[in-house]
1. Taking the conditions exactly as written (under 23 Å from SER276 (Cβ atoms), β-branched (Val, Ile, Thr) and open to solvent by 10 Å² or more (accessible area, probe 1.4 Å)), does ILE20 satisfy them or not?
2. Being open to solvent by less than 40 Å² (accessible area, probe 1.4 Å), among the aliphatic types (A, V, I, L, M), modelled with pLDDT of 90 or more and in a helix (DSSP H, G or I) narrows it down to one of ALA156, ALA206, ALA173, ALA216, so name that one.
3. What is the residue count in segment 285-306 for residues that are at pLDDT 85 or above and either over 20 Å from ILE365 (Cβ atoms) or crowded, with 23+ Cβ neighbours inside 10 Å (or both)?
4. Only one of (1) within 24 Å of ALA221 (Cα to Cα); (2) open to solvent by 30 Å² or more (accessible area, probe 1.4 Å); (3) of a type in the set (Ser, Thr, Tyr) is not met by SER62, so which one is it?
5. Within segment 181-192, does at least one residue satisfy the condition of being open to solvent by 10 Å² or more (accessible area, probe 1.4 Å), among the polar types (S, T, N, Q), in contact with a helix residue (DSSP H, G or I) (Cβ under 8 Å, 6 or more places away or on another chain) and within 30 Å of ARG319 (Cα to Cα)?
6. Return the pair list, or none, for Cβ contacts closer than 8 Å from residues in segment 30-45 that are of a type in the set (Val, Ile, Thr) to residues that are open to solvent by 10 Å² or more (accessible area, probe 1.4 Å), at least 6 apart or on different chains.
7. Counting only residues that are of a type in the set (Gly, Ala, Ser), buried (at least 18 other Cβ atoms within 10 Å of the Cβ) and under 30 Å from ASP153 (Cβ atoms), how many does segment 321-342 have?
8. What are the pairs with Cβ atoms under 7 angstrom where one residue, in segment 52-65, is farther than 18 Å from ILE176 by Cα and the other, located anywhere, is among the polar types (S, T, N, Q) and in a helix (DSSP H, G or I)? Sequence gap at least six, or different chains.
Amino acid sequence: MGLEWSRQEERQPLLAGSRIPRVFGRRWLVLLLFSLLGFMQGLLWNSWGPIQNSARAAYGFSSLDIALLVLWGPIGFLPCFLFMWLMDKKGLRVTVLLTLLVMMVGAGLRCVPVTNLELRRRFIHGGQLLNGFAGPTAMNAAPFLSTTWFPPDERATATAIASMLNYLGGACAFLIGPLIVPSPNNTSGSLLTEGHVASIRDRIEAVMYAEFGIIAVLFAAVMAYFPARPPVPPSVAAASRRLSYRSSIGKLLSNPRFLMLALAYAIPLGFYAGWSGVLDVILTPMHVNQVDAGWIGFWSIVGGCFVGIGVGRFADSVRGILKPILVLLFSGSTLAATWFTLTFLSNITHLPLTTATLYTSCILIGVFLNGTVPIFFEMFVETVYPIPEGITCGFVTFLSNIFTGLLLVFLTFYHTQLSWLNWCLTGSSFLSLLFIVCFRESYDRLYLDVFISV
């Protein structure tokens with residue numbers, strides 16, 4: 001489909017003479033640095049949800065504040081098209097450096113030592129917004145990096161690693177926050193001693209200082225070594241000309257196959273991001289404490305990361321089966337979400353409501369949904385090639401964050417009863433399964449590498 005959009009000269013390889021495709025060992029260092037960027041961006045984005053009770057006691061955050069701290073991530077995607085343009089015109093190095101600079105300033109803003117709690121809250125909100133601005137690069141650039149640096153039989157694996165590390169960062173927030181920051185133990189804020197509040201605040205600030213230091217070191221490492229591209233492209237597709245930025249946007253918006261696939265990605269992943277961001281609140285009626293909720297969120301995302309990387313490697317080994325993988329994963333996510341939702345109606349369904357069932361169903365939801373991300377990215381690029389990878393994935397993640405943002409805005413007004421969120425997650429998974437079943441797959445980029453190169 002994508003091949004028929006472009007002129008013949010736009011698909012001509014840039015490789016000339018004896019400069020055949022070649023791979024470099026340094027590609028793994030580039031992948032590591034980018035993956036760490038994604039990890040830290042996800043970690044900072046999800047800093048406050050897992051410790052919201054502690055944050056309320058330490059800084060006087062309201063329910064609206066907690067929702068906004070999560071919402072700044074989707075809001076930060078508003079300049080997404082600017083980062084897409086920058087990646088298309090200036091390449092990876094400039095985009096990654098600018099992204100890390102924004103992240104470093106945001107992390108530093110959260111650490112400004114002011115005693116006025118109102119001003120401190122504003123600095124924290126500002127820092128979270130700046131970290132949100134880094135989201136487009138952290139979540140979109142993985143397929144662009146894998147095409148630029150990796151051969152065809154490693155692309156899906158590289159995409160999976162680079163994209164899944166962002167989710168792993170969000171998962172580690174479920175672990176790091178509750179383990180380091182003490183909980184107020186559900187005690188009313190008026191009954192907390194001043195020493196206990198100070199202890200909670202000190203622990204939160206220690207975490208924020210550590211995160212700022214790691215980002216500063218990462219920025220220095222990228223400044224020292226992070227090339228825009230390898231000396232010789234690793235494949236014919238990597239060396240081929242692409243459509244222009246303006247033409248790419250027009251082609252994406254006029255392609256019904258791509259739009260159907262984009263909705264299949266954006267709706268469930270957008271809802272899942274909002275759902276996981278308030279998982280602690282959702283599980284509170286089930287008498288699940290902050291630490292247990294953190295462990296549930298952690299393992300649900302970590303499981304998805306491992307599955308995503310595993311299926312990415314499998315897709316590299318057996319090419320041309322992206323659609324069957326997505327059908328399998330969405331079938332699993334629909335069943336797991338249905339199980340979790342019906343568990344909350346145990347008085348009607350008589351399903352056992354135990355810690356084990358909550359752990360298992362939540363983990364399976366994360367395993368199946370997060371595992372679809374790298375496969376989706378590869379499917380997007382294959383479907384609309386020769387549109388640049390950064391533009392394609394930027395568009396779909398922007399759409400996903402719109403759904404996340406709308407959900408979180410809705411939560412600010414209807415945050416007292418959240419059982420409807422479980423039904424939304426179940427329905428969105430099933431809807432996407434239908435979209436994938438009806439989707440007609442194509443592998444335009446793979447065709448170029450396998451047949452044109454031969």
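The values are calculated or read from the model by the stated rules, or taken from the named source; none is laboratory data. Just so it is clear, the structure is predicted and the values come from calculations on it, not from any experiment. Every residue, glycine as well, gets a Cβ built from its backbone with ideal geometry; the counts of neighbours run over all protein chains shown. Just the protein is used for accessible areas: all its heavy atoms, side chains included, with ligands, DNA and RNA removed. Shrake-Rupley method; radii C 1.70, N 1.55, O 1.52, S 1.80 Å.
1. Values: under 23 Å from SER276 (Cβ atoms): no; β-branched (Val, Ile, Thr): yes; open to solvent by 10 Å² or more (accessible area, probe 1.4 Å): yes.
No: the conditions fail for ILE20.
2. Working: ALA156 fails: modelled with pLDDT of 90 or more; ALA206 fails: open to solvent by less than 40 Å² (accessible area, probe 1.4 Å); ALA173 fails: modelled with pLDDT of 90 or more.
Among ALA156, ALA206, ALA173, ALA216, only ALA216 is open to solvent by less than 40 Å² (accessible area, probe 1.4 Å), among the aliphatic types (A, V, I, L, M), modelled with pLDDT of 90 or more and in a helix (DSSP H, G or I).
3. 1
4. For SER62, the failing item is (1).
5. no
6. VAL30/PRO227
7. To start, the set of residues in segment 321-342 that are of a type in the set (Gly, Ala, Ser) comprises 331-333, 336-337.
With buried (at least 18 other Cβ atoms within 10 Å of the Cβ) added as a condition, the list becomes 332-333, 336-337.
Filter once more, keeping what is under 30 Å from ASP153 (Cβ atoms): 332-333.
Result for segment 321-342: 2.
8. Pairs found: LEU64/THR412.
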